[in-house]
Amino acid sequence: MKKETGQNAIGCLVGLVILGLIIYAIHCDRSMSKSFKQRDKTVITVAHIESGNLDYKLRVKLYYWYMVGNERIDAQTSELNLSSRIIPHLIGNTIPIVYLKDNPERTRLLLTDLAFKYTNLPFPDSLNWLKEYKSW
């Protein structure tokens, strides 16, 4: 009986830790979303797409760089809602990107209408061709 009680306590503890991590992730995402929507906290520039592939979860993974002043920053992102067919069409092109002024490594690549909504920007007509590569 004591063994079952100990296992239940461990199970509850693990569950609480997982729940705490989920709540923390949601909080961080919401606070980042608020930061990206505030124009005085962000900078919009272009990202130069260098390469791409599929990651282990079959998401489109893109490697890109952008300039902050005289400094080149290399970055990568995994996009869940894009078809892998988009990769060859992006390599060598520039795509709009937004980054936080106080933390330029925190970026949002603006590839989808959802990303534009996340940053409180209108989706430009010049990027309508990207909609063809949505995976949903």
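A short reminder: the numbers here are calculations on the coordinates, not readings from a lab. The shown structure was predicted, so the numbers you read here are calculated from the model rather than taken from an experiment. Backbone-built Cβ (ideal geometry, glycine too); neighbour counts: all protein chains shown.
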Lysine pairs in the range 38-133 8 or more apart or on different chains: how many have alpha carbons under 27 angstrom apart? 10
Taking other Cβ within 10 Å of each residue's Cβ, how do 82, 111 sort, fewest first? 82, 111
Could you give the size of the charge dipole of the range 74-136 about its Cα centre, using +1 on the Cβ of each K and R and -1 on the Cβ of each D and E, expressed in debye and rounded to the nearest 20? 140 debye
Can you list the residues, at least 5 places off or on another chain, whose amide H is less than 5 Å from the amide H of residue 82, using H built in the peptide plane? 60, 135
Non-local amide H neighbours of residue 68 (under 5 Å, H modeled in plane, Pro and chain starts lacking H): which ones? 73
Residues meeting the amide H criterion for residue 42 (H placed from the backbone, H to H distance under 5 Å, 5 or more places apart or on another chain) are 101
How would you rank 56, 63, going from fewest to most other Cβ atoms within 10 Å of each one's own Cβ? 56, 63
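Which order do 108, 85 fall in if you start with the one that has the fewest other Cβ atoms within 10 Å? Intermediate values should be presented prior to the final figure.
On the way: 108 21, 85 11.
Least to most surrounded, the residues fall as 85, 108.
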